Amino acid sequence: MDTPNWPEAFTKFGLQDPLEPARAAPRMREALLAATPHMDVRPPDLAEVRDLMVPGAEGERCARLYRPNGADEAGPCTFYMHGGGYVVGDLESHDRLCRRLAAKSGHRVLAIDYRLAPEHVWPAGVEDCLAAFDWLCGPGAETVGALPDRIAVAGDSAGGGLAAILAQSRRDRICFQLLIYPLLQLVERRKPRPKLLEGHLLSSFTLDQIVRAYLSDADQASELTVSPLLNNDLAGLPPAHIVAAELDPLLDEGQAYRDRLAAAGIPVSYKTGKGLPHGYFNLTAILPGAKGLVDETALVLGDGLRG
């Protein structure tokens, strides 16, 4: 199938690719927010959606708690990190996705609004996520209603990479990891791939722009908190579920991480969205089959949280 063109909200800002050079980042964020309601179906109702402030690496960060109907006073919780190449995305761009994950998994989701490039280069975003996660596992558990021993990490694209980084950094505190078409390395961006994978939603050009915006030095791409795929110490990681997109430049690295986890003895399941491009979890209104795969993934997440 053909990948969809960017909606009018993007083109009116003169954006042909969702991650043009870093100077366009503020315009891209505005365009993404304007386009989001038109690309995603309405999510299920929840018992509570509440904004709160949580610790970041430097000051507080905005976060959003999603509590589904029927959730216990205290229960499992998913710590969610949005995608967007470390440059775009926020709580609003992934609000509907987080609502659906909470409703269908049956458990709370806490989404974090970490700092973005180019204003805040690596490792600012990683450090924000680590600080907020540590708070969730400690004093924040009561505030959120989370069981500290039943916390999962999850994210899509760059957020999937952040989830993998947290799972490696805090492996003894995490019960499950959900990686949605994760961006797991920024070292190799120009490997040969079929033309059909160079779509509107992600391309080699986009990955190059991510490096320009996110890293102050391209050599930092080999750091394990940039490219968790390169980590050779995978022992003791939590069980994982990796969701892929067939029409995605990141398809190979998701498969590679699946195989490496399995070789290390980590329980890992894997699902491919056939005929779907990178980003389809946020495109349920315009891509047939996407909503069903999101719901299916949320059920897997719920099982992982229950253990």
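Could you tell me whether segment 196-307 comes out rounded, prolate or oblate from its Cα gyration tensor? Rule is a ≥ b ≥ c as square roots of the eigenvalues, rounded for a/c under 1.5, then prolate if a/b exceeds b/c, otherwise oblate.
oblate
If I model a spin label at ALA74 and ARG212 as a point 7 Å from the Cα along the Cα→Cβ vector, what separation in nanometres do I get?
5.0 nm
Is the shape of segment 8-306 best called rounded, prolate or oblate, per the rule: a/c under 1.5 gives rounded, else a/b larger than b/c gives prolate, else oblate, with a ≥ b ≥ c the square roots of the Cα gyration tensor eigenvalues?
Taking the square roots of the gyration eigenvalues as a ≥ b ≥ c, segment 8-306 is rounded.
Sorting check: for 50-61, 250-261, which peptide has the highest mean count of neighbouring beta carbons within 10 Å, and how do the rest follow?
Output ranking for 50-61, 250-261: 250-261, 50-61.
When a/c is below 1.5 the answer is rounded, else prolate if a/b is larger than b/c, else oblate, so apply that to segment 55-163 with a ≥ b ≥ c taken from the square roots of the Cα gyration tensor eigenvalues.
Oblate.
Quick query: amide H of ALA47 versus all other amide H atoms, modeled in the peptide plane; which residues come in under 5 Å with a sequence gap of 5 or more or a different chain?
ARG67, ASN69
Please check which bits of segment 158-180 a label hung off ASN232 would reach, taking the label as a point 7 Å along Cα-to-C-beta and the cut-off as backbone N under 15 Å.
none
Long-range amide H contacts for ARG108: which residues qualify at under 5 Å (H placed 1.01 Å from N, peptide plane, sequence gap of 5 or more or a different chain)?
Those qualifying (amide H under 5 Å, at least 5 residues apart or on another chain) are THR78.
Quick one: 3J(HN,Hα) in Hz for segment 131-143, Karplus 6.51/-1.76/1.60 with θ = phi - 60°, rounded, Gly and Pro as x.
Rounded to whole hertz, the list is 5, 5, 5, 4, 5, 4, 6, x, x, x, 4, 5, 4.
Treating the beta-carbon of each Lys and Arg as +1 and of each Asp and Glu as -1, no other charges, what is the dipole magnitude of segment 197-258 about its Cα centre, to the nearest 20 debye?
Its charge dipole is roughly 160 debye.
Hey, can you rank 128-138, 295-305, 210-220 by average C-beta count inside 10 Å, highest first?
Ranking the peptides 128-138, 295-305, 210-220 by packing returns 128-138, 295-305, 210-220.
Mind listing the long-range amide H neighbours of ALA285? Cut-off is under 5 Å, sequence gap 5 or more, other chains count too, H placed in the peptide plane at 1.01 Å from N.
Counting only residues 5 or more places away or on other chains, the set is ASP40, VAL41.
Using Cα positions and a limit of under 15 Å, work out the aspartates and glutamates in reach of LYS271, with same-chain residues fewer than 8 apart set aside.
Qualifying aspartates and glutamates at Cα under 15 Å: ASP156, GLU246, ASP248, ASP252, GLU253, ASP259, ASP295, GLU296.
Values in this text are rule-based calculations from the coordinates and carry no lab data. Model, not experiment: these values are computed from the prediction. Positions of Cβ are backbone-derived with ideal geometry, glycine not excepted, and every protein chain shown enters the neighbour counts.
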